[in-house]
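Quick note: the coordinates plus some simple rules give every number you see, no bench work behind them. What you see is a predicted model, and the numbers here were worked out from it, not measured in a lab. All Cβ positions, glycine included, derive from the backbone under ideal geometry; neighbour counts span all protein chains shown.
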Amino acid sequence: MHNDDGRIQVRGARVHNLKSLNVDIPRNEVVVFTGVSGSGKSSLAFGTLYAEAQHRYLDSISPYARRLIEQIEKPDVDAIEGLPPAVGLHQRRGAPSVRSSVGSITTLSNSLRMLYSRAGDYPEGQGIIYADGFSANTPEGACDECDGIGKVFDTQAQLLVPDDTLTIREGAVAAWPGAWQGKNLVRVLLSLDIDVDVPWHTLPKKTQDWILYSDETPQVPVYRSYNLEQTRQALTEGEPASYNGKFISARRHVLDTFKTSQKEKIKQRIARFLSITSCPTCQGKKLKAKALNVTLDRLDIIDFSRLPLHDVDRKLKKLRHAVADDASERAQVIRNITSDVVDRIKPIIALGLDYLSLDRSTTTVSAGELQRLRLATQLKSNLFGVVFVMDEPSAGLHPRDVESLVHALHDITKAGNSLLVVEHNPYVIKGANWVVDVGPRAGTNGGDLVFSGPAEQLASVTHSSTADFVFNNKTLVNRARRSATGTLSLKNVTRNNVKKANVEIPLGVMTAVTGVSGSGKSSLISQALVELVRDGLGGTHVQNEDELSEASLLSSDNYIDDEEIAEKGAIEKGLDDISRLVVVDQSSIGRTPRSTLATYTGMFDQIRRLFADTDEAKSCNYDAGHFSFNVIKGRCPNCEGLGVVSVELLFMPSVYSPCTVCHGKRFKDDVLEIKYKEHSIADVLALTVDEAQHVFDDNKAVLRGLETLIKVGLGYLTLGQSATELSGGEAQRIKLATELKRAQNSNTLYVLDEPTTGLHLSDIALLMTHLSSLVDRGNTVVMVEHNMKVAAACDYVIDIGPGAGGSGGQVVAHGTPEDVARNKESATAPFLTEACR
Ligand code: ADP
Ligand code: ADP
Ligand code: ZN
Ligand code: ZN
C-alpha cells in the first residue's frame, strides 16, 4: 500500500554494511547520496532502492518475469514504502557490451534515416528508399561488397613473408601456424614437388602466389622425414604414405582463423598478417550506392552522421526554416522530423556533448559521457512517475558544464520523476534538493545515516566529512610545490581535434591537464603522449595491463601506416630523462566474475597455497588448484565457480542470481571444510581488505598486497569482489595500488585519467598524498583532471581548449595553477581561481 505523503520510506536496510538503516527521502526531487568510499551509499541507492524497484518493476510487467524474479535475490530490508511503481533504470556498472553508436543509443539515427527516406534529395529516376535501406545492419541497406562492414580484410605478400631470404622450412611463410601444423604444411609442399629448402625469393612467382593465395586445399600423401628427392622417389614407387596431409594457403589460413577464432590472443597474432582497407565499392560508408545517392544539404547520410551535433542542429534548423511556408507533404514531414530531432538534441548540447557525432562508436565514449547521453535521452522520453538511479553523472565534466547538468537533473524531477544520484561533486551536492549522507567512515565503520535533509542544512553537521569538505572548505592537501627538473617537449602533435600542437610537459613534478569535456585532453595525453613515449622507449619498459579488445582490433586505428605516424607529431627532447612509462586508466580490469580483487592483485595465489599447506588439505590430497574457482576439481559444478548464475531476461540486461547449489560460495562442500585460521576459502573471499589484514598478519607477501590496497583507500572492498562490479575509479586505484607496490625507481612517467572519479574528497586527499610520494621519489605524474582543488594542489597546470571539438585542441594556458587562473581565455581559470583561494 502506498501512503502518499510524497516520501520514500526505507526501514531496516541491511544490505552489505548498512546497519539496519532507516531513512525518509522525498519523491520527485533531486536526492544526492554522499559519503566516503565504502561508506554504504551505493548499498543504499543501488543495493537497496534500485534492487527493490527493479523487483517491483519486473513483477508488474509480466508473469513470465515473475518466475525469474523469484530467483533474483531480494534486498535485505524490512520495508520500503512510497517507492514509485514504475522505474526507468540505469545500469550501474559495466561497459556496454554491444557495439553501438551515439546515434543508435539516442535513437536519433532512426529519425535521420526517416528524414533521408521521406525528405531526401533523390537522383532523377531513382525510386524512394525505405528508412531501413539507410541502415548498414539490414540486407536492404548493406553494401554487397563488404556486407555493410565498410572494410575489406586481405593479406599482402610482405606481411605474409616478411623475410624472403628464409626457406619455407625455416619459416619464410610467417603467417602459417607453427608446431605440428607448420611441419605438416612443409611435408605437403614436398609432396606437391615444391622445394622447401631454397630461399623464398628464388621460388618461381607462380609457385609463391599459389602458396600464399590459392583457394585450393588439395589433400596429398605425405612422408614424415623425407627431403624433396626422397619424397619424389617414394611417390614414384608408390611407397605407403605416413598420412594424408591437407594444404591451406597462407591467405586462407589467416582469413579463416581471424574470422572463426574465439580467442583474443590468436586473433591478435593473426591480425599482424592482415591488411585492412576501406571497401572500394562504398568507400567505407557501408551502404549501397543507391542509398548514398540520396542527400540532404548535399551530404549523404554517412557524411551527415559524421557531423558534430552542433552542426547537425544548425543544419536541421536551416532545413526547417527553408520549408517554413511550404504546404507540401514533404515540407510537413521535414518540419515534423526536424523539430523532433532538434528538440532531442537540445539536452545533449546542454549537457556539454555537442562535439559528439551520431556515428561515434560508444566504445570510444567515456562512461561519464555515456551516462549523460542516456540522461539526455531520458529527458525527452516523456516518462513520468519513475525513479532514476544514477552513479556520478558528473564524471568527466568540466566545472563549467556542471551547472547545466544540475539543471537537467531538475528537469527530470519537474516532469514528475524521482532522481537518486550517488555523487561527490560539490556543485551537484549543493544543487540538490536533498542530501543523504552515509557513514561516518567506510566498511564496518560506516553504514549509518549521518544526515538526511535539505542540502544547505548539511553545512552545520559537525561529524560529516562531506560537510567539512563541501561546505566548510576543509583543505584538501598541503603539499610543498616542486619545480621541474626537465622538460618533455612534444612537437606537432596531431590527434582527433588536436592539430599540430606543441606541448611542454614538465618532469619531476605533478601536472594536471584541464579543459572542458571534448577539448582534447585525452587525445593529447592518454593517446598522443602515451603513444609517443611508448614508441620512444621502444615498447619495452612499458606497463599497461590492458588487453587489446576485439573492438579495438577491428577498428582501423590499429593499422596505421608510416605516413600517418609521421603526421602524428614527435618528441623533440626530454625522452632521455624517462626510463619507464606507466599508464593507469579507468578501463575495466576484467570482464567476467572470474576476475576478482584477489586474483587480479595476485594475492589469491599465495592464499591458495596457504590453504594447500594446511594439514587438513594435505590429508585430503588437495593442492592449490582445489582452492581455485577457475579449476574444475574444487569449484562448484553448478555455477562453475562463479557463485552466481545469470538469468537471461529478454527485455532487460541479464541479471545474476546466487547459485542454488553452493549459495554463492563458489566451491564444493568438502573444499569448504578446509579451514585456515578458522576461515574457509569462501570466508576469505568474503573478507574485506581491512579484515583480511588481521587474518594474514603473519604472511608478508599477502600483507604487502593488502596494505597497498588500503593505501589507496580500498580497504572496504572484499577480496572476492568481482572485477565487473568495480567502478572505473576503483579499477584505476587497484592498478595504482599494484603500481605503488612495485615503484622504487625514479624517472618513471605516470599518466592518469581522472584518478579522482568515484572518490569522496577525503579519499582524494589520501590519493594526492600517494601521488605526491611518487613525485618526491623523482618521478613525473601527469593527470587529466576536472577537480579544481586537485588542480590547485598540483605543481603545474596545462589547460586545453578553449572549447570542445573543432574549437578546442590547443594549449590555452600553462604554468603554475595561479598562472593559469589568471588567464583570460581559459574556461578553467574562473574555477581554478576559486580553488586557489
Ligand atoms: P560506497 O558506495 O559508499 O562507496 P558501498 O555501498 O559500495 O560503498 O560499500 C559499502 C560496504 O559494503 C563496503 O564495506 C563494501 O566492501 C561492502 N560491499 C560492497 N559490495 C559488496 C558485495 N557485493 N558483497 C559484499 N560486500 C559488499
Ligand atoms: P577530452 O578528453 O578533453 O574530453 P577528447 O580528447 O576525448 O576530449 O576529444 C577531443 C575531440 O576528439 C572531441 O571532438 C571528440 O569527439 C574527438 N574524439 C575523441 N576520440 C575520438 C575517436 N576515437 N574518434 C573520433 N573522434 C574522437
Ligand atoms: Zn562496401
Ligand atoms: Zn555454485
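Tell me, how many Å apart are the Cα centres for region 704-744 and for region 177-196?
50
Pairs of lysines 8 or more apart, or on different chains, with alpha carbons under 27 Å: count those in region 597-723, would you?
18
What number does region 168-210 give for Rg over Rh if you use C-alpha atoms and the Kirkwood radius?
On the way: Rg = 9.8 Å, Rh = 10.6 Å.
Rg divided by Rh gives 0.93.
Which value at 222 nm does the chain reach when only helices count, each DSSP H run of 4 or more adding -39,500 (n - 2.57), with the total divided by all residues and rounded to the nearest 500 deg cm²/dmol?
Details: 32 runs with 284 residues, N = 837.
Roughly -9500 deg cm²/dmol at 222 nm, from the helical runs in the chain.
For region 322-373, what Kirkwood radius comes out of the mean inverse Cα-Cα distance, in Å? Mind showing how you got there, number by number?
Values: mean 1/r = 0.0773 Å⁻¹.
Value: 12.9 Å, from the Cα pair sum.
Filter the cross-link list 521/741; 151/259; 267/521; 500/521 down to pairs whose alpha-carbon distance in this structure exceeds 20 Å.
Going by Cα-Cα distance, 521/741; 267/521 fall outside the 20 Å limit.
With charges only on Cβ, +1 for K and R and -1 for D and E, what is the dipole size of region 153-278 about its Cα centre, in debye, rounded to 20?
On the way: 16 positive and 15 negative charges, 123 e Å.
For this selection, approximately 580 debye.
List the aspartates and glutamates whose alpha-carbon lies under 16 Å from that of residue 318, not counting same-chain residues fewer than 8 positions away?
Here the aspartates and glutamates satisfying the reach criterion relative to residue 318 are 121, 297, 326, 340, 343.
Roughly how far apart, in whole Å, are the Cα centres of region 489-527 and region 1-56?
Taking the Cα centre of region 1-56 as reference, the centre of region 489-527 is 42 Å away.
Starting at 0 and stepping by 5 Å, how many percent of the alpha carbon pairs of region 693-788 end up in each bin?
2, 12, 23, 24, 19, 13, 6, 1, 0
Could you tell me which residue out of 119, 706, 518 lies farthest along the dipole of the chain toward its positive end? Charges go on the beta carbon: Lys and Arg +1, Asp and Glu -1, centred on the Cα centre.
119
Take region 597-723, compute every pairwise Cα distance, and split them into 5 Å bins from 0; I just need the percent in each bin.
Per 5 Å bin, starting at 0, the Cα pair percentages come out as 2, 11, 20, 22, 18, 13, 8, 4, 2, 0, 0.
Give the list, by residue number, of cysteines in the chain with no other Cys Cβ closer than 4.7 Å, or say none.
Among the cysteines of the chain, those whose Cβ sits 4.7 Å or more from every other are 620, 794, 836.
Going out from 0 in 10 Å bins, what whole percent of all Cα-Cα distances in region 684-740 drops into each bin?
Spelled out per bin, shortest first, that is 25, 59, 16, 0.
With unit charges on the beta carbon (Lys/Arg positive, Asp/Glu negative), name the residue among 637, 715, 662 whose Cα is farthest towards the positive pole of the charge dipole of region 627-719.
The residue sitting most towards the positive pole is 637.
Taking the Cα centre of each part, how many Å lie between region 431-488 and region 201-253?
Centre-to-centre (Cα) distance: 73 Å.
Hey, if you put +1 on the Cβ of every Lys and Arg and -1 on every Asp and Glu Cβ in region 153-278, which of 168, 200, 260 ends up farthest toward the positive end of that dipole?
Highest projection toward the positive end goes to 260.
Over the Cα atoms, compute the radius of gyration (one decimal) and Dmax (the largest Cα-Cα distance, rounded to a whole number) for the chain, in Å.
Rg then Dmax for the chain, in Å: 30.2, 101.
Over the alpha-carbon set of region 153-278, work out the extent along each principal axis and list the three values in angstrom, largest first.
If we take the Cα atoms of region 153-278, the spans are 51, 31, 22 Å.
Size of the dipole of region 597-723 about the Cα centre, Lys and Arg at +1 and Asp and Glu at -1 on the beta carbon, nothing else charged, in debye to 20?
On the way: 13 positive and 17 negative charges, 57 e Å.
The calculation lands at about 280 debye.
Compute the longest continuous run of the chain that contains no exposed chymotrypsin sites (Phe, Trp or Tyr not before Pro); treat a site as exposed when its DSSP state is not H, G, I, E or B and it has at most 15 other Cβ atoms within 10 Å. Present the calculation step by step, with values, prior to reporting the outcome.
On the way: sites that count: 130, 384, 559, 651.
That gives 131-383 as the longest site-free run.
For region 342-405, what is one quarter of the convex hull surface built on the Cα atoms, given in nm²?
Details: hull surface 19.1 nm².
Quarter of the Cα hull surface area: 4.8 nm².
Give me the mean projected area, in nm² to one decimal, of the convex hull enclosing the Cα positions of region 738-837. Don't jump to the answer; show the numbers that get you there.
Numbers: hull surface 28.4 nm².
Projected over every direction and averaged, the Cα hull of region 738-837 covers 7.1 nm².
Over all alpha-carbon pairs in region 115-165, figure out the percentage whose distance exceeds 17 Å.
Percentage above 17 Å: 58.
Take the Cα atoms of region 395-494, find their three principal axes, and give me the spread along each one in whole Å, biggest first.
Rounded to whole Å, the extents work out to 52, 36, 25 Å.
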